[in-house]
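Contents: one structure, followed by commentary.
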Amino acid sequence: MVESNKERLGAPLIKALGIHLLVAMLLFVSFSKAPEFEPAKPIVQATLVQLNSKSPATTQTEQRIAGEAERTAAQRHEAEELAKEQQKRQQEQEAARAAEQQRQAEQREAAAAAERAAQEQKAAEERRQAEQVERQKAEEARRAEAARRLAEEEAKKKAAEEEAQRKAAEEARKREEEARRRAAEEAKRKQEAEAKAEAERVARLQREQEEARARALADLLAEETQYQRAQADQIGDQVAASYDDVIRRYVSEQWRRPPTARNGMVVEVRISMLPTGDITDVVVLRSSGDVGFDQSAVQAVRNVGRIPEMQQLSRENPAAFDRMYRQRTLRFKPEDLDF
């Protein structure tokens, strides 16, 4: 911008200098071509020397020539002075115009400098504001990053605490489950031991009871057998055998041979029945020595539940039913059932 102003100021200045130079050259040429007159001094001197010897006419002519020469010299001097004055005024005008142009150029330069300064100040202010914005953004980013890191640390800490609590709870749960399992196993072992002891006790008591019943009934067996035979003789061996076959058939259908049964085992049980044929009770009179086998005989009789054919006998001969089948003794053998 400064170079452009210099170029704008330089062109008029050069033009003005060219015009001044041209005017000076024209004046110089005009002066060089002006008519030359003889010097007035010799004429004046001649007039003074010959003043007394010449006539008045000659004297006037010489004086007139001298006056004209003086006027010509005066005019030429005046023209030179005028040219000098004009040249001086032109030079002053050119200088004034140059000064004005210089002043305008300086004003424009000052205005441009002021504008540049304002622009630079504005740019500096914008840079300062931009830098301040960038600093604020950087500070906000730093704070956000710090907050994010703090949140991450808090989250990690919380997750670690929760994981520790979860592990502690899991360990406590495992310990509790292990304690419950051990307690359950201990209770189960204790229960099994108690059940086993109770079963052994019950079996022992049952064997003792059965042995006691067997011993008590052993003495009565002969009398019972004789009594049953006497009753059978009264109602007829054929009728008794017929009902015995019915009872054997029902019981045989319900009996299941236990794994511990061996040939030669015998258990005697007593059956209690109603006139309707319903079996109300069954007890072991004499044990075979094997609890499983004895229980299989008792369970077979209980599974029968009712013998309908006995109802006919109770109607036809109630006395015979009461004597022979109100209570009936059965003998179980592994190879077959025998009465």
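The values are calculated or read from the model by the stated rules, or taken from the named source; none is laboratory data. All values reported here derive from a predicted model rather than from experimental measurement. Cβ sites come from the backbone with ideal geometry, for glycine too, and all protein chains shown count toward neighbours.
Mind telling me which of the residues 176, 68 ends up being of a type in the set (Asp, Glu), in the same structural domain as residue 25 (by TED's automatic domain parsing), out of contact with any strand residue (DSSP E or B) (no Cβ under 8 Å at 6 or more places or on another chain) and assigned to a helix (DSSP H, G or I)? Spell out the reasoning first.
Working: 176 fails: in the same structural domain as residue 25 (by TED's automatic domain parsing).
Matching residue, one of 176, 68: 68.
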Any residue in the stretch 187-203 that's under 22 Å from residue 295 (Cα atoms): show its pairings with residues that are in a helix (DSSP H, G or I) and modelled with pLDDT of 85 or more at Cβ separation under 9 Å, as long as the two are six or more apart or on different chains. 203/291
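Residues of the stretch 273-288 being of a type outside the set (S, T, N, Q) and part of a loop (DSSP other than H, G, I, E, B), which ones? Steps first, answer last, please.
Pass one, the stretch 273-288, residues of a type outside the set (S, T, N, Q): 273-275, 277-279, 281-286.
Residues satisfying the conditions are 274, 275, 277.
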Leading residue by the ranking (surrounded by the fewest Cβ atoms within 10 Å (Cβ to Cβ)) among those in the stretch 247-293 that are in contact with a Lys or Arg (Cβ under 9 Å, 6 or more places away or on another chain) and of a type in the set (Asp, Glu): 281
Just for the stretch 288-310: of the residues that are at pLDDT 90 or above and among the polar types (S, T, N, Q), which one is nearest to residue 242 (Cα to Cα)? 303
